[in-house]
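The values are calculated or read from the model by the stated rules, or taken from the named source; none is laboratory data. Source: prediction; values computed, not measured. No Cβ is skipped: glycine too gets one built from the backbone with ideal geometry, and neighbour counts run over all protein chains shown. For the accessible areas, the whole protein counts, side chains as well, though only heavy atoms, and no ligand, DNA or RNA atoms are used. Shrake-Rupley method; radii C 1.70, N 1.55, O 1.52, S 1.80 Å.
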Amino acid sequence: MSRRRWLVAGAGLAAAAVAGGWFGRRLLVNPCQSDLPFDVPGHPLVRAAWDGIDPAMVWDCHAHLAGVGDGGSGITISETMLSPLHPLEYLQRLFYLNAGCAHDAPGQVDQSYVARLHNLMDAMPVGCKLMLFAFDQAHDAHGVAQPAQSAFHVPNAYAQQVARALPERFEWVCSIHPYREDSVEVLEAAVADGARAVKWLPPAMGIDPASPRCDAFYAALARLDIPLISHAGEEKAVHGIGQPEWGNPLRLRRALAAGVRVVMAHCASMGEDVDLDRGVDGPRVPSFELFARMMADPAHADHLFADISAITLRNRSLAVLRTIIEQVQWHPRLLWGTDYPLPGILPLISPAQLAAENMLVPAAVPLLEEIRLHNPILFDLVLKRLLRSRGQRLAPQIFETRRFFDRSAA
């Protein structure tokens, strides 16, 4: 089975377990346990994970808000995600909600999802924060919203509201489609209200990052010095109105040329794209290869960055994960993110497999599995800090992301 099909099958199995009420089977579904066992924070491996890191500088730069709109949030999700007649998307919704511990809260899904975020952050050291993502609707080529073709929508106002309610634990990231006539005005208002970055998922939202229609928005991002966090590489989890090729890392060169600080989500670690440097009919190569080429380009040294969310999922190549760890010259430009709630989907990350590849010490496996049942965010941080490849590890500065998003802390 291909790694991509394994991810879909594993996610579907987890979701089916949720739908069937198999909550006791720990290998399939998240039991959503709350407080960490008393001996975990002081465990030598957990202490080693935090070694050299200032918790006050640790902001998870890739965390999703989710829900169904039952709490006045304004969240909307597609009809296909609500209908068993579309089993894959229906099951995706179920396993996302299980990972966020909101699967068994009818009428209170939005509230339960946020309550779980509060619970998780209570266990993190003082100063650690989550950067919570809004998610704009898909828009057509004329900048008109297409709600019927939007997998989900998390309004900027809701992300701001959740962050403002607990500012010591949350920041927020706006999401604005650049084709909108009011995109620059909405961006300026969001920044004034505390947004730390902009989030795009081009294939799902209908954004071609290489289109001149983005130029005014890019100019505003550069003027305001607000980073753009954009998905790069293949996207299978979220359906929408755009073209798959709009996730090609090379298409973000237009933003870089405009002076925008670009964060490529996931280091473009999955899928293939056309090598546009060899023409529009060029060969298809791994998206990660194009990302690596851009990282090596001196012209991008001051503006191209990447987050390390999702790089440990089992649908990613271990060779890619090793490269990210071993390319220490990239580390000053890498940013820690979890892609929460994905680390809470138990089948998608295997510490045992990583230990079998000599990337983790065997003693870390039971510890990590125990942490994940209680706190997927801490699990992600400890896992990535304990990873090794040919004598290298991910540098502490990767996890001190606040300096990138909060210039006053630099």
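When every Cα-Cα distance of the range 271-410 is counted in 5 angstrom steps from zero, the calculated P(r) takes the values 2, 9, 17, 20, 20, 14, 10, 6, 2, 1 percent. Secondary-structure-derived ellipticity at 222 nm for the chain, considering helices only, amounts to -10000 deg cm²/dmol, per-run term -39500 (n - 2.57) for DSSP H runs with n ≥ 4. Peptides 150-160, 198-208, 74-84 ordered by packing proxy, namely the average of other Cβ atoms within 10 Å per residue, highest first: 198-208, 150-160, 74-84.
For the chain, the per residue solvent-accessible surface stands at 39 Å², with DNA, RNA and ligands left out and a 1.4 Å probe. Applying a 4.7 Å cutoff between beta carbons, the unpaired cysteines of the chain are 61, 128, 174, 214, 267. Taken as entire DSSP H runs, the helices of the chain never both span 24 Å or more between Cα atoms along their own long axis and average 1.0 or more on the Kyte-Doolittle scale. For the Cα trace of the range 153-238, dividing Rg by the Kirkwood Rh returns an Rg/Rh value of 0.97.
For the range 281-303 and the range 345-385, what is the separation of their C-alpha centers, rounded to whole Å? One Cα centre to the other: 30 Å. When peptides 217-230, 87-100 are sorted by average Cβ neighbour count within 10 Å, with the highest value leading, the order is 87-100, 217-230. Temperature 25 °C, viscosity 0.890 mPa s: under these conditions the Stokes-Einstein estimate for the chain, based on its Kirkwood radius over C-alpha pairs, is 115 µm² per second.
Can you give me the % of accessible surface on the chain that is carbon or sulfur? Probe 1.4 Å, all protein chains present, nothing else counted.
Values: 8600 of 15930 Å².
Ligands and nucleic acids excluded, carbon and sulfur give 54 percent.
Here the peptides 347-356, 396-405 are ranked by packing, the mean other Cβ count within 10 Å, and the order with the highest first is 396-405, 347-356. Amide hydrogen proximity for residue 65: with H placed 1.01 Å from N in the peptide plane, the residues at 5 or more positions away or on another chain lying under 5 Å are 133. The average projected area of the range 89-160, computed from the convex hull of its Cα atoms over all directions, is 6.4 nm².
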